[in-house]
Amino acid sequence: MTEAVIIGVGLHPFGRFPGKPAMDMGADAVRLALADAGVTWPQIQGGYVGSFEVANPDAIVGKLGLTGVPLRGVFNGCATAGTAVALAARAIETGEHDLTIAIGLDKHPRGAFAADPSVAGIPPWYGQTGLFLTTHFFGMKINRYMHDHGISHETLARVASKNFRNAAGNEKAWRRTPLTPEEVLASPVLNHPLRQYMYCGPDEGAAALVLCRADQAHKYTSTPVRIRSTSLRSRRLGAFEVQSPSFPVGEPVESPTVDASREAYERAGIGPEDVDVAQLQDTDAGSEIIHMAENGLCKDGEQERLIAEGATEIGGRLPVNTDGGLLGNGEPIGASGLRQIHEIVLQLRGTAGTRQIPGTPRVGYTHLYGAPGVSAVTILST
């Protein structure tokens, strides 16, 4: 099977851009990715574009050029971008195309994601009782995890502080004001034990990746990044996930993150011990902590010591969310996962500037998770 590699990346800043449509942000990100790859839009043979707010994101061709390219719209909740890049890579691996693109774009209003629970296949009472709140779910999940595995409130604050500090060094991040752990802990409680500055927020932004056959990468770049594996898994019966209308009874069932992670490692022939830098879904500070273990990067409970020691800092032994993660960048759903990959590509190229991790990183890892219990993992390497 032909291997797919990334030869170009583009990122529109994340944040709030009044008067600028999501489609225009997406077109800007595509142009940046094309320029980075040294190719033109007419050379793209196929692609996938994801969005939550835009009903027909494939209409972006009107901004880029009507070449007849097959551009397919995709959506998998917070894992949308993982699906876009997986399918763009698969089109190369199967020989369908030699040059493809993955695009993500979104423009969420303030207070986004309010909806009737029925759109997610959940009974109306779930919303009527106030449970159709993701802040509520994530608060309950990390509260139990802290009880079971000895995670402190200070560790939650350290995670948030780290990500805001990393975002301060990222000119395309949204929330670039550093906050100390003490300032995080002083912010209002939203859903115990999570506080205001421990949550990400919906915002706006776009990202794009250009992929090609590995045996043709030399025509475009001297620093291709290999897509070693991709995996997407949904929840299994009994798992306690976003928008679960009940709590499982009996033996616990592992999260789709665990399933996706194991599958991705196996397909890549790479283990957690090989990962040099990671991007993990940090919808809230607690999620980053849980996802460290669910992705095999540590054991449950080890996060307390690792985070206190600075292991997940840019200069630590396992840097996590070096660009600020979702806490620093916000989450325009269609683009968020491609933003993660954009950062990993910069790290593996050694071009991340003040955020560059020490040494010569060779393996990068990205992870997405969201409603209604779906996870995507992508493993990259030099």
Over 14 Å [Cα-Cα, region 182-238], rounded percent: 75 percent
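Using a probe radius of 1.4 Å on heavy atoms only, what accessible surface per residue do you get for region 230-307? Whole Å² is fine.
42 Å²
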Orientation-averaged projected area, Cα convex hull of the chain (nm²): 17.6 nm²
Overall form of region 260-311 per C-alpha gyration tensor (a/c, 1.5; a/b vs b/c): prolate
Translational D in µm²/s for region 1-125 (Stokes-Einstein at 37 °C, 0.692 mPa s, Kirkwood Rh from C-alpha pairs): 211 µm²/s
Hull-based mean projected area of region 57-124, where the convex hull spans the alpha carbons, in square nanometres: 6.4 nm²
Whole-number D in µm²/s for region 75-208 (Stokes-Einstein; Kirkwood sum over Cα pairs; 10 °C, 1.306 mPa s): 89 µm²/s
Linear extension gain, Asp148 paired with Ser234, 0.36 nm per residue minus alpha-carbon span: 28.5 nm
Accessible surface, 1.4 Å probe, highest first, among residues Trp41, Trp125: Trp125, Trp41
Helix axis angle, 134-149 relative to the chain longest principal axis, alpha carbon, degrees: 60 degrees
Coarse-grained scattering of region 103-175 at q = 0.12, 0.23, 0.27 Å⁻¹, given as base-10 log I(q)/I(0) from a Debye sum over alpha-carbon atoms: -0.58, -1.05, -1.12
Surface per residue (accessible, 1.4 Å probe) for region 1-122, Å²: 40 Å²
Amide proton proximity set for Asn321, modelled H, under 5 Å, gap of 5+: Ala278, Gln279, Leu280
Degrees, to the nearest 10: 333-349 long Cα axis against longest axis of the chain: 70 degrees
Volume per residue that the Cα convex hull of region 258-382 spans, once the total is divided by residue count, Å³: 102 Å³
Share of carbon and sulfur in the accessible heavy-atom surface of region 291-366 [1.4 Å probe, %]: 48 percent
Accessible surface of Asp276 - all protein chains present, 1.4 Å probe, nearest 10 Å²: 50 Å²
Degrees separating the helix 285-294 axis from the principal Cα axis of the chain, which is the longest one: 70 degrees
Calculated SAXS-style log₁₀ I(q)/I(0) at q = 0.11, 0.14, 0.18 Å⁻¹ - region 194-296, Debye, Cα scatterers: -0.52, -0.79, -1.12
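The values are calculated or read from the model by the stated rules, or taken from the named source; none is laboratory data. As the structure is a prediction and not an experimental result, all values here were calculated from the model. The area values use the complete protein model at the heavy-atom level, side chains included, leaving out ligands, DNA and RNA. Shrake-Rupley method; radii C 1.70, N 1.55, O 1.52, S 1.80 Å.
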